[in-house]
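One structure is given below, encoded as structure tokens.
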Amino acid sequence: MIKQLKSVGALILSAPLFILSSCQDEALDSATAQSGSKQIPDIEVVDMSSYVATSRTGEVIPVLKFKDEQTFEQTVQKVSDMNYDERIAFFKSLNFDGAFTTLYKADMELDKIFDIEDDAEFLAAYDQFQKKYDGLFVYNTEDKYDLSPYYNFTDDKLELLGNVTGAVVIGDKVRYAANNIPNYLANDITTFASYEDFKSYKNTELKIQQGKYYSTVETGYHPTSGELSIQFKAFKKKKLWTRRHPATYEVTVDVNGKVGGTLGTTQQYEKHRMGLKVNKTVLPSTLTITYKNFKSSCTGTVLGNKTCTNIANL
């Protein structure tokens, strides 16, 4: 009995010590995670010059550093599932202005420029816009009426998480964008097929428009897997000039009377793709694609319908 009482007493006396030790451990873990001195953070903002030589001495180029490949891929998925406001909040929490936030801010500036009615004032404001971002963005040389700014690289993941040069750090290695082709060339099959994960079928685009805004939907496939998908886009328009614009979308699509259904988004995207869950290899050489009740948040109550026939399934 005496031994049992001694054991109980020992447990009671050791409990505060255990609690104190646990609190100290938690505080230490927290401090270590914040300082990064003893534990590698999952994500942190670092200086690019710590990993590669920069063009100017003393130049600081922020870049996101991920602990490992798994952390990077998980973050890509997490941020991809966010809407624009959530993405902005995410990057703000990291105190990081990278490819996504920089382009977003520029797009919002351009959006206000598109509200200028006088053409001369509009073009003068756009000229100042280009001068402000000189050296950072490129512009569409294939379509002179597309005034949207673009980066000179194309990589879905690094356009989201990369810095303005299209880079991230994973572990201790710098990863750059998959290619240095401007992303407005994404559907140029002759120059881009080996890089892009979507190739559109010719003559399958449906466009709807209301005022300065219009949206499109088209059907295509992934060159590697052969899986069919549709792609949404939205633009703001002033006469012949356009700029991309975020929107939500919905459409009922039918391919050869067998594939499709109603697809749409609840989040806003300037460009977004959705799979049709069928491979092009199981479809005939000629397709009939029908769109019904296509709508977009930037075109109000306008609905679009179209049937595309004799589409070559190459």
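The values are calculated or read from the model by the stated rules, or taken from the named source; none is laboratory data. Every value quoted in this text rests on a predicted model; they were computed, and no experiment measured them. Methodologically, a virtual Cβ is constructed for each residue, glycine included, from the backbone with ideal geometry; neighbour enumeration extends over all protein chains shown.
Observations
- Hits in the range 302-314 - residues which are of a type in the set (G, A, S) and either surrounded by 14 or more Cβ atoms within 10 Å (Cβ to Cβ) or without any contact (Cβ under 8 Å) to a residue 12 or more places away in the chain (or both): G304
- Per the listing I88, I12, I19, the residue uniquely part of a helix (DSSP H, G or I), at pLDDT 85 or above and of a type in the set (A, V, I, L, M, F, W, C) is I88.
- Checklist (1) at pLDDT below 75; (2) touching a helix residue (DSSP H, G or I) at 6+ places or on another chain (Cβ under 6 Å); (3) under 30 Å from D156 (Cβ atoms) applied to F66, failing item: (1)
- The numbered conditions (1) at pLDDT below 95; (2) farther than 15 Å from P246 by Cβ; (3) surrounded by 14 or more Cβ atoms within 10 Å (Cβ to Cβ) are all true for D107 except (2).
- Whichever residue in the range 132-179 is touching a Lys or Arg at 6+ places or on another chain (Cβ under 7 Å) and among the small types (G, A, S) and, among such residues, is farthest from K67 (Cα to Cα): S148
- Residue match in the range 254-269 (condition: touching a helix residue (DSSP H, G or I) at 6+ places or on another chain (Cβ under 9 Å) and either touching a residue at least 60 places away in the same chain (Cβ under 8 Å) or surrounded by 21 or more Cβ atoms within 10 Å (Cβ to Cβ) (or both)): yes
- Those residues of the range 241-257 which are among the small types (G, A, S) and either under 20 Å from M108 (Cα atoms) or in a strand (DSSP E or B) (or both), in sequence order: A247
- Any chance T299 is surrounded by 15 or more Cβ atoms within 10 Å (Cβ to Cβ) and under 26 Å from the mean Cα position of the chain (by Cα): yes
- Scanning the range 208-240 for residues that are out of contact with any Lys or Arg (no Cβ under 9 Å at 6 or more places or on another chain), of a type in the set (S, T, Y) and part of a strand (DSSP E or B) yields a total of 1.
- L314 meets all of the listed conditions (1) closer than 15 Å to G220 by Cα; (2) modelled with pLDDT of 95 or more; (3) touching a Phe, Trp or Tyr at 6+ places or on another chain (Cβ under 9 Å) but one, namely (2).
- Positions within the range 69-89 being buried (at least 17 other Cβ atoms within 10 Å of the Cβ) and either aromatic (F, W, Y) or closer than 19 Å to P246 by Cβ (or both), in sequence order: F72, R87
- Tally of residues being among the charged types (D, E, K, R) and in contact (Cβ under 8 Å) with a residue 60 or more places away in the chain across the range 271-299: 2
- The range 91-144, residues that are in a loop (DSSP other than H, G, I, E, B) and of a type in the set (A, V, I, L, M, F, W, C): F96, F114, I116, L136, F137
- Scan of the range 146-184 for residues that are within 21 Å of K236 (Cβ to Cβ) and hydrophobic (A, V, I, L, M, F, W, C), ordered by number: L147
- Criterion: under 17 Å from K271 (Cα atoms), touching a strand residue (DSSP E or B) at 6+ places or on another chain (Cβ under 8 Å), aromatic (F, W, Y) and not assigned by TED's automatic domain parsing to the domain that holds K233 - qualifying residue of F100, F137, F153: F153
- Tally of residues being acidic (D, E) and part of a loop (DSSP other than H, G, I, E, B) across the range 145-181: 2
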